[in-house]
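Below is one structure, written out as structure tokens, with a few remarks after it.
Nothing in this text is a laboratory measurement; each read-out follows from the coordinates by a stated rule. Predicted model only: the values in this text are computed from it and were never measured. Backbone-built Cβ (ideal geometry, glycine too); neighbour counts: all protein chains shown.
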Amino acid sequence: MRLQFGELNITPRVVNRLHELDFTVPELEDDIAEHKSDCDGEPSVYVGTYGKYNDGSLCGLWIDLSTFDDYDEFINFCKAIHADEEDPELMAQDFECFPRQWYNEGFITEEDFDHIKEYTEMCEKHSAEAVDDYLEFHDDLDDFEEAYCGEWDSEEDFARHIVEECYNLEKTMGDLARYFDYEAFGRELFMYDYTMGANGHVFRPV
């Protein structure tokens, strides 16, 4: 059975091992077609094994993590594509399209898998740029939606937004409102309270 690099040779032993993992050969072929990643923007990991790697083989498959419902399904599939090993020591040899903090060559944990799934969902709902900006300052996405304010071109632009939304300068300052220093106010906001990522997305403290 052809993988992206190398093949899974179907022998009676492999067939028995697949049966233990609740696969038939045709089912595995279908699942490979479903879960194989084209590395075209989807969160993906290249799964080989330490045993093959130590033998000089890169046999494995780029896998689209977003195609799995849960971690157990993902792990079972990874073991199935390496069913020529009795107890494969899975190896994440490369990754694409998710933050490095959730990548581990020794293999993805269930916690990291859940973080990656949440990351993908948030990127689809908002934007990858917004989510990546938030992760410049945080280790997880638990408070992302509550903290997210939007996108602005500069700290000064955001300061103008805050003033327009929260204050009536003309009422309190009269003609002096035209001299209000938005740039300095913006610096103060981002010094103590708000954060702005490299892509211009702003977050409030939660």
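Structure notes:
- Taking Cα atoms only, the orientation of helix 71-81 departs from the longest principal axis of the chain by about 40 degrees.
- Two-decimal Rg to Rh for region 12-125 - Kirkwood Rh, Cα set: 0.96
- Note on the chain: Lys pairs 8 or more places apart or on different chains, Cα atoms under 24 Å apart, count 7.
- Global geometry of the chain, whether rounded, prolate or oblate, following the gyration tensor of its Cα atoms and the 1.5 cut on a/c: prolate
- The calculated FRET efficiency for V15 paired with N76, based on their beta-carbon distance and R0 = 25 Å, is about 0.95.
- Pairwise label distance in nanometres, V206 with Y103, each label 7 Å out on the Cα-Cβ vector: 2.6
- Highest-fluctuation residue, E188, E89, E155 considered, GNM on the chain with Cα pairs under 10 Å: E188
- Using all pairs of distinct alpha-carbon atoms, the Kirkwood hydrodynamic radius of region 42-107 works out to 12.1 angstrom.
- In region 124-157, chymotrypsin sites (Phe, Trp or Tyr not before Pro) in a DSSP loop with at most 12 other beta-carbon atoms within 10 Å: F137
- Helical content alone sets the calculated 222 nm signal of the chain at -12500 deg cm²/dmol, taking -39,500 (n - 2.57) per DSSP H segment of four or more residues and averaging over every residue.
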